[in-house]
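Only one structure is covered here, and it is reproduced in the block below.
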Amino acid sequence: LTNVELMIPFVRTLNEAKRVNEIMEQYGLKRGVNGLRLNMMCEIPSNAVLADQFLEYFDGFSIGSNDMTQMVLATDRDNSSLSHIYDEEDPAVVWAILVTIFSGQKFGKKVGFCGQGVANSEVLRGLVAISGITSASVVPDTYYRTKQDFAAAEALNISASGLGKWLGEQHQAKLVKLLEAAGKADVAKLASDPAKIRAWYDAETARLHGELRDSLGGSRENTARKALKAFRATFHKPVIYAAWNWNETVEDALHQAGFATFEEQAAALAEQRKKLA
């Protein structure tokens, strides 16, 4: 067979990457011979941190967003006591995904996306489309919607240099909808101002903490405790994401991948597309 590609999962270290190649060669399977391509699932934080070095041993990556999210955040989406921490839109996860995509562009290698992230999150679909992912895989029942969303994101014609601004706008819009649905239209006007929306959240949290403290041991303690928990569960992440400096996250990922400027990244992306066409 000369049309086979292999995908190696859970490559924890560079030594494991090296050994995979060595063991395959012992059995006559050498990268590049008869067109044999060797790819790696990028699903462990070390894979993103050392993406450029892992790419020395592989012809491309496939981002496993499910495991990457669990590993970056040290959580388990199937554990009810930890699942609330699992979030593919978390800045640390976004950074890991972007470093992987940009590193593939830097070295002219294919980077695909595997996992339910692009089907679950409109923000993630736009993120990988704008940053220049090579391909994405989805389950059949989400294919049509995902394809439409990718096309819509690409039609915006936003380059990676505008990705941070786009991410901020998406999270601010999500927070506005959440606040308006909760009957807080006046607060929703603060969503685009990071300092003011964080100040509102901190003040409201302090107020609810105060009510809980004052009700300890009384008949209203359980009600106050539930109110605080519900408020944090509803607004904690949305406020943090709306106020986050996404430009810094994107730029840091760009530099980690070895690019000095967005112009360099854009040129590398164009060359990657030509090479993989």
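The values are calculated or read from the model by the stated rules, or taken from the named source; none is laboratory data. Values in this document were obtained by computation on a predicted structure and should not be read as measured data. With ideal geometry, Cβ positions are generated from the backbone for all residues, glycine too; neighbour counts draw on all protein chains shown. Areas reflect the complete protein model, heavy atoms only, side chains present, ligands, DNA and RNA absent. Shrake-Rupley method; radii C 1.70, N 1.55, O 1.52, S 1.80 Å.
Averaging 1/r over every pair of different alpha carbons in segment 90-160 and inverting the result gives a Kirkwood radius of 12.3 Å.
Solvent-accessible surface (1.4 Å probe) assigned to L82 amounts to roughly 60 Å².
Given bins 10 angstrom wide, list per bin the percent of all Cα-Cα distances in segment 49-177, short to long. Here the calculated profile for segment 49-177 is 12, 42, 37, 9, 0.
Only protein atoms count toward the accessible area here, which uses a 1.4 Å probe; on segment 1-116, the carbon and sulfur part of that area reaches 53 percent. Percent of Cα pairs in segment 131-204 per distance bin of 10 Å, from zero to the largest separation: 16, 34, 27, 21, 2.
A straight Cα-to-Cα reach below 19 Å connects K110 with the aspartates and glutamates E5, E43, D52, E56, D59, E154, E264, E271, residues fewer than 8 places away in its own chain not being considered. Using only the C-alpha atoms, the convex hull of segment 175-271 corresponds to 137 Å³ per residue.
Taking all Cα pairs closer than 8 Å and separated by 6 or more residues, the relative contact order of the chain comes to 17 percent. With springs connecting C-alpha atoms under 10 Å apart, model the chain as a Gaussian network and identify which of I101, I197, I63 has the largest mean-square fluctuation. For the chain, modelled as a Gaussian network with Cα springs under 10 Å, the answer is I197.
Angle of helix 143-155 to the longest C-alpha principal axis of the chain, folded into 0 to 90 degrees and rounded to 10: 90°. Label zone of S135 (point 7 Å out along Cα→Cβ, amide N under 13 Å): in segment 261-277 this covers 276-277. Against the chain, whose longest principal axis comes from its Cα atoms, helix 163-181 is set at around 30 degrees. Diffusion coefficient (Stokes-Einstein, Kirkwood radius over C-alpha pairs, 37 °C, 0.692 mPa s) for segment 1-62: 280 µm²/s, rounded to a whole number.
One chain, two ends: N79 and E221. Fully extended at 0.36 nm per residue, the span grows by 48.3 nm beyond their Cα-Cα distance. The modelled label-to-label distance for the pair R207/R19, using points 7 Å beyond Cα in the direction of Cβ, is 5.8 nm. For segment 109-223, the per residue solvent-accessible surface stands at 55 Å², with DNA, RNA and ligands left out and a 1.4 Å probe. Rounded to the nearest 500, what is the 222 nm mean residue ellipticity of the chain from helices alone, with -39500 (n - 2.57) per DSSP H run of 4+ residues and division by all residues? About -19000 deg cm²/dmol.
Measuring between alpha carbons in the structure, the pairs from K106/K174; K189/K237; K177/K226; K109/K174 lying more than 27 angstrom apart are K106/K174; K109/K174.
Here segment 1-112 yields Rg over Rh of 1.03, to two decimals, using C-alpha coordinates and the Kirkwood radius.
Normalised by residue count, segment 30-83 yields a Cα convex hull volume of 71 Å³ per residue. Residue-wise HN-Hα couplings along segment 212-225, as the Karplus relation 6.51 cos²θ - 1.76 cosθ + 1.60 with θ = phi - 60° gives them from phi, are 5, 4, 6, 9, 4, x, x, 6, 9, 4, 5, 5, 5, 5 Hz; Gly and Pro carry x.
For V99, V187, V33, the ranking by accessible surface with the largest value first comes to V33, V187, V99, using a 1.4 Å probe.
Accessible-area rank, largest first, for H209, H171: H209, H171, with all protein chains present and a 1.4 angstrom probe.
The orientation-averaged shadow of the Cα convex hull for the chain, equal to a quarter of the hull surface, comes to 17.9 nm². Accessible area ranking (1.4 Å probe, heavy atoms, ligands and nucleic acids excluded), largest first, for C42, C114: C114, C42. As a fraction of the 1.4 Å probe accessible area of segment 123-277, surface on carbon and sulfur atoms comes out at 55 percent. On the basis of the beta-carbon distance and an R0 of 25 Å, D252 and R273 show a calculated FRET efficiency of 0.55. Helix 246-256 versus the longest principal axis of the chain: what is the Cα-based angle in degrees, 0 to 90, to the nearest 10? Here the helix axis deviates by roughly 30 degrees. If exposed means no more than 15 neighbouring beta carbons inside 10 Å and the site is in a DSSP loop, what's the longest run of the chain without any exposed chymotrypsin sites (Phe, Trp or Tyr not before Pro)? After excluding every exposed loop site, the longest remaining stretch is 28-277.
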